[in-house]
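Below is one structure, written out as structure tokens, with a few remarks after it.
Nothing in this text is a laboratory measurement; each read-out follows from the coordinates by a stated rule. Since the structure is predicted, the reported quantities are computational estimates derived from the model, not experimental observations. Cβ placement follows ideal geometry from the backbone for every residue including glycine, while neighbour counts extend to all protein chains displayed.
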Amino acid sequence: PRRHLPTTSETKQIREGIQTLEHKAAYLRAQLQELESQLQQHRGILSPIRLLPLEVLGLIFSLVLPDILDEVDRTYLIGLSLVCRSWCEAARATMKLWRGVELKRYDINFDRIMAWYGHSGSSDDTLPKSLKWVVTGWHDCQGRNNSRIPQCESTNPTLARLLFEGPVLDHLTIKVPSTECYRRIMDSIHPVEPHLLLEPGQPSPSRWASLRSLTLGFGNEWTENTRSTHPSPFDYLPHTVTEFRLHLPLRSSRVVIHPAFLNNLTTFELSCDWTHRHILELLQHCINVKELVLNMGSYAGYRLLGISASFQNLSFPRLRTLLFRHLRRAWSMEMFGLVRAPHLRHLDLSFTDMADPSNKHTLDLGMLRHIKWESLMKKWGDLRTLRIHDVHIASDALHAFLVNQLPALTRLTLDNVMFDPLLFCCLGSMSFPFGGKYFPVLETLEILNLPAGFDLTPLFDFLRDRRPWHKARNNNETVFEAPPDSITRLVLTYREQEKVSILDPYIDVLGVLKDAGVYVQADTRYEMVDVM
């Protein structure tokens, strides 16, 4: 049949009807949005987050933000405080959010920085305050007045004023491209002769003279001072400092630091590629250090040539924590035979290649021969934690590395370490003439950044050997044949994402470990699985 087409008048009426319906629909949508907004407001009033104490909110803020805030972080904190009144009160009440400032720009307002520090407490003793000054890029540090080169930011008058009139600082970080930048900073805050500041207890109006912690970092523009009348910038180091971190560029020359300053240190971190002799010349004065971090650089200096007998037995009687970074060559590990730490508690060894982090080093027997453990620690009985990072351990190096039971070790971490899973079979089966087992008081075992195909069976067999069990015939319940083991926490992480949990094949064993009181945490970087 022939279709009926609307006439002109009917078409006009239909269009008017469509327009009317569109207006009604728009009106109803507006009403719906208003109702949705009201509903959201009512739900927000009853939201559990409104019931959180201000202290809890402030703690959350402090976990989100770093300890020292740069300009972006400070803007973010201000944004959090503008969300609502309670968030503002929580941010203002959490004084530690305001105690650390990082400055990079030349045009810095002194009064604004002081107002920011004011939120961390009006008294200098309320909270320890930190300042980080970072000079980026290349500037005219030599005074050439080149219009195409920006003025050196180390001459910033605001920085000098902060170090002279600002709050009492607990920690200061200075990162500059060159020693000349650092020299200019020191000259701006020390109009007096530097040797006057080397006397302990010497009064000084400068905040520099009251520092407890100091970090100095230098770029690749390493320049030497050939003017004999001009003091070295390292002559300015104050004796109040007990924590000192010095990061030098590759191929930097030896730095001379006053022995009295080094004697006072309890924490010392040194990043350089000096020869062993130069490092030991500095370390010989660190007699009170408790934590020592040595970043050996990419080149690790030269072998033990030219080292006098006085450096062969350097003793650090108070050293408790020793961290080595970038142990890339055999002679860099010879430092173990030169350092005496009879009461060492924590040892951390990292083999990452600075030049090529993807280049994994192999730790074999030849390398391990350079580690004179008995010289380093005298005995293993005091070691509490051991971390090995970023290395391939050859199977034949097991006996050389684990020289005895490690009777006091409570935490073992293998981070990004390539090794044969059968290592755990050896640990479980080895017996000692005097009885006992490896790691008798081990509490935490961390195996991090594993490959996806790593066989966990030997590991779980190792745990079972420590506390044997069997299934009861009548009810299939787990029956333990020994008292609870010392290991209560097992952490496994993987390098690659996995869509299927790697722990699925071991679900029965995980259930037994749960019954045994072992907390197992596995992170495949796809989904965190906590087995409790």
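Quick one: which of 437/471; 437/514; 132/175; 129/290; 132/290; 96/175 span more than 18 angstrom between C-alpha atoms?
Working: 437/471 24 Å; 437/514 22 Å; 132/175 8 Å; 129/290 23 Å; 132/290 24 Å; 96/175 23 Å.
Violating the 18 Å limit, Cα to Cα: 437/471; 437/514; 129/290; 132/290; 96/175.
Using the Karplus curve 6.51 cos²θ - 1.76 cosθ + 1.60 with θ = phi - 60°, what ³J(HN,Hα) values do you get for each residue of the stretch 4-19, in whole Hz, with x for Gly and Pro?
Whole-Hz 3J(HN,Hα) from phi for the stretch 4-19: 8, 9, x, 6, 5, 5, 5, 4, 5, 5, 5, 5, 5, x, 4, 5.
Would you grab the residues whose amide H sits under 5 Å from the one on residue 418? Only those 5+ places off in sequence or on another chain, please, with H modelled 1.01 Å from N.
Amide H neighbours of residue 418, under 5 Å, 5+ apart: 391, 392, 393.
Show me the trypsin sites (Lys or Arg not before Pro) within the stretch 1-63 that DSSP assigns to loop and that have at most 16 other Cβ atoms within 10 Å of their Cβ. Walk me through the intermediate numbers first.
Details: sites: 2, 3, 12, 15, 24, 29, 43, 50; in loops: 2, 3.
Sites meeting the loop and neighbour criteria: 2, 3.
Quick check on the stretch 16-91: what does the Kirkwood estimate of hydrodynamic radius come out to from the alpha carbon pairs, in Å?
Values: mean 1/r = 0.0638 Å⁻¹.
By the Kirkwood definition, the hydrodynamic radius is 15.7 Å.
FRET efficiency for residue 278 and residue 60, Cβ-Cβ distance as r, R0 = 56 Å, nearest 0.05? If you can, show how the numbers build up before the last one.
Working: r = 46 Å, r/R0 = 0.83.
Working from the Cβ atoms, E equals 0.75.
What list of ³J(HN,Hα) couplings, whole Hz, do you get for the stretch 253-266 from phi and the Karplus terms 6.51, -1.76, 1.60, once you set θ to phi - 60° and write x for glycine and proline?
Listing the rounded values in order: 7, 5, 9, 9, 10, 4, x, 4, 5, 5, 4, 8, 6, 10 Hz.
In whole Hz and in residue order, list the ³J(HN,Hα) couplings for the stretch 274-287 that follow from phi through the Karplus curve 6.51 cos²θ - 1.76 cosθ + 1.60, θ = phi - 60°; x for Gly and Pro.
Whole-Hz 3J(HN,Hα) from phi for the stretch 274-287: 5, 6, 4, 4, 5, 5, 5, 4, 7, 5, 4, 8, 8, 6.
Which FRET efficiency value, to the nearest 0.05, do you get for residue 247 and residue 111 by plugging their Cβ-Cβ distance into 1/(1 + (r/R0)^6) with R0 = 30 Å? Present the calculation step by step, with values, prior to reporting the outcome.
On the way: r = 32 Å, r/R0 = 1.06.
Result of the calculation: an efficiency of 0.40.
Got the relative contact order for the stretch 1-131 handy, in percent, Cα pairs under 8 Å and 6 or more residues apart? Can you show the working numbers first?
Details: 88 pairs, mean separation 26.0, N = 131.
Value for the stretch 1-131: 20 percent.
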